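The values are calculated or read from the model by the stated rules, or taken from the named source; none is laboratory data. If you're wondering where the values come from, they're calculated on a predicted model, not measured in any experiment. Every residue, glycine among them, receives a Cβ derived from its backbone with ideal geometry; neighbour counts consider all protein chains shown.
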Amino acid sequence: MHVGNLLPAVGAFSHDQKRASVMIELKNVTKRYELLTAVDDVSFTVKQGECFALLGPNGAGKTTIVKMLLDFTRPSSGSLSVSGIPSTRAECRHSIGYLAENHRIPPSLTGWHYLLRCAELLDMKRSDAADHCRRIVELIGMQGREHTTVATYSKGMVQRFGLGAALLGDPKLLILDEPTSGLDPIGIREIRLLLETLKGQGMTVFLNSHLLSEVEKICDTAAIVNRGRLLVKDTISAIVTDGETLEDLFVRLVKG
């Protein structure tokens with residue numbers, strides 16, 4: 001039988017199959033803090049396997065959206081879900097790896113011990129944790145440095161181990177809040193190359209970043225928010241046209 005005969009025609013997917021392709025969904029999400037509306041009626045989806053960037057100036061609502069996805073805070077109205085599971089349910093977070101902005105590791109630990117501690121928090125068996133951590137060390141390119149203390153690491157190396165910890169447990173979704181913050185050009189490039197590897201493996205990446213040139217190199221889709229409202233969300237190739245860069249578009253939309 002020809003392989004093509006096993007594939008449904010375009011548009012023939014069931015409702016459940018279509019829903020399965022959506023990793024993140026926001027529906028009419030609003031978040032208010034007393035008189036401040038941090039997020040104002042925002043709706044968008046991110047598909048499985050996409051590398052997505054959430055962009056906006058400081059105070060635009062980006063971090064609030066990330067906090068709602070992780071259930072650190074809850075929406076005033078609307079809903080968020082990951083793989084169809086509401087963000088307010090604990091099982092939603094089982095499929096998420098998260099790297100916070102300004103990530104820190106105790107300097108007296110080695111990178112290896114840090115990963116093992118994180119694995120223990122995920123209730124991994126010791127033997128399974130060691131095998132998993134070895135794979136993570138190889139993935140982040142830190143072989144030979146995992147047994148030296150974090151005090152000897154550059155910030156880029158600390159970020160790599162932070163990203164490695166976020167990958168423990170084989171998450172389906174990786175949420176990164178300013179992963180290149182404070183890094184020099186070499187550190188930025190190292191993180192970008194690692195994200196490109198993860199993207200090639202089919203990982204869904206949700207990136208919150210101010211480095212628009214890096215976003216343009218690696219991300220498939222992007223959304224721009226300002227003052228809590230969604231200005232645009234589409235593929236980068238669709239929204240960046242007529243010789244513009246992503247930075248040009250960003251400045252034009254945000255400044256109005």
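The residues on offer are 171, 185, and the sole one that is of a type outside the set (A, V, I, L, M, F, W, C) and more than 21 Å from residue 119 (Cα to Cα) is 185. Please work out which one of (1) surrounded by fewer than 19 Cβ atoms within 10 Å (Cβ to Cβ); (2) small (Gly, Ala, Ser); (3) closer than 28 Å to residue 22 by Cβ is the condition residue 127 fails and give its number. Failing condition for residue 127: (3).
Output the residues belonging to the range 133-156 that are within 19 Å of residue 193 (Cβ to Cβ) and touching a residue at least 24 places away in the same chain (Cβ under 8 Å).
Of all residues in the range 133-156, those within 19 Å of residue 193 (Cβ to Cβ) come to 135-146, 153-156.
136, 137, 139, 140, 141, 142, 145, 146, 153, 154, 155, 156 - these are the residues of the range 133-156 that are within 19 Å of residue 193 (Cβ to Cβ) and touching a residue at least 24 places away in the same chain (Cβ under 8 Å).
Filtering the range 157-200 to residues that are in contact with a strand residue (DSSP E or B) (Cβ under 9 Å, 6 or more places away or on another chain), part of a loop (DSSP other than H, G, I, E, B) and either at positive phi or surrounded by fewer than 22 Cβ atoms within 10 Å (Cβ to Cβ) (or both) leaves 168, 169, 170, 171, 172, 178. I'd like to know if the range 178-188 contains one or more residues that are in contact (Cβ under 8 Å) with a residue 60 or more places away in the chain and closer than 16 Å to residue 96 by Cβ. Scanning the range 178-188, I find at least one residue that is in contact (Cβ under 8 Å) with a residue 60 or more places away in the chain and closer than 16 Å to residue 96 by Cβ, so the answer is yes. With respect to the stated conditions, residue 123 is without any contact (Cβ under 8 Å) to a residue 12 or more places away in the chain, closer than 21 Å to residue 163 by Cα, assigned to a loop (DSSP other than H, G, I, E, B) and of a type outside the set (Phe, Trp, Tyr). Return the residue satisfying two criteria in turn: it lies in the range 213-235 and is buried (at least 20 other Cβ atoms within 10 Å of the Cβ) and assigned to a helix (DSSP H, G or I), and of such residues it is farthest from the chain's Cα centre (by Cα). The residue in question is 214.
Give the residue, chosen from 104, 32, 74, 93, that is outside any loop (DSSP other than H, G, I, E, B) and surrounded by fewer than 16 Cβ atoms within 10 Å (Cβ to Cβ). Break it down stepwise before answering.
Values: 104 fails: outside any loop (DSSP other than H, G, I, E, B); 74 fails: outside any loop (DSSP other than H, G, I, E, B); 93 fails: surrounded by fewer than 16 Cβ atoms within 10 Å (Cβ to Cβ).
Matching residue, one of 104, 32, 74, 93: 32.
I'm checking my understanding of the structure. Among residues of the range 46-66 that are assigned to a loop (DSSP other than H, G, I, E, B) and within 23 Å of residue 235 (Cα to Cα), which one is modelled with the lowest pLDDT? First the steps, then the outcome.
First, the residues of the range 46-66 that are assigned to a loop (DSSP other than H, G, I, E, B): 48-50, 56-61.
Applying the additional criterion that residues be within 23 Å of residue 235 (Cα to Cα) yields 48-50, 56-58, 60-61.
Working: 48: 94, 49: 93, 50: 95, 56: 94, 57: 93, 58: 90, 60: 93, 61: 93.
Taking the candidates together, the pick is 58.
If you take the residues of the range 16-32 that are modelled with pLDDT under 95 and over 21 Å from the mean Cα position of the chain (by Cα), which of them is nearest to residue 61 (Cα to Cα)? So the residue we want is 18.
Screening the candidates 36, 69, 80 for the property of being at pLDDT 90 or above and closer than 18 Å to residue 209 by Cβ yields one hit, 69. For the range 139-150, a residue qualifies if it is surrounded by 12 or more Cβ atoms within 10 Å (Cβ to Cβ), modelled with pLDDT of 95 or more and of a type outside the set (D, E, K, R), and the qualifying residues are 148, 149, 150.
If I go through the range 201-221 residue by residue, how many of them are small (Gly, Ala, Ser) and either on the phi > 0 side of the Ramachandran plot or touching a Phe, Trp or Tyr at 6+ places or on another chain (Cβ under 7 Å) (or both)?
Step one: filter the range 201-221 for residues small (Gly, Ala, Ser), giving 202, 209, 213.
Filter once more, keeping what is either on the phi > 0 side of the Ramachandran plot or touching a Phe, Trp or Tyr at 6+ places or on another chain (Cβ under 7 Å) (or both): 202.
Number satisfying all stated conditions: 1.
Report yes if some residue within the range 144-154 is within 25 Å of residue 50 (Cα to Cα), out of contact with any Gly (no Cβ under 6 Å at 6 or more places or on another chain) and not in a loop (DSSP other than H, G, I, E, B); otherwise report no. Within the range 144-154 (the criterion being within 25 Å of residue 50 (Cα to Cα), out of contact with any Gly (no Cβ under 6 Å at 6 or more places or on another chain) and not in a loop (DSSP other than H, G, I, E, B)), the answer is no, since none of the residues qualifies.
Specify which of the listed residues (191, 85, 136, 175) is of a type in the set (Val, Ile, Thr) and at pLDDT below 90.
The conditions single out 191.
For the range 65-76, enumerate the residues that are under 19 Å from residue 226 (Cα atoms) and free of Cβ contacts under 8 Å to residues at least 60 places away in the same chain.
First, pick out the residues of the range 65-76 that are under 19 Å from residue 226 (Cα atoms): 65-69, 75-76.
Scanning the range 65-76 gives 67, 68, 75, 76.
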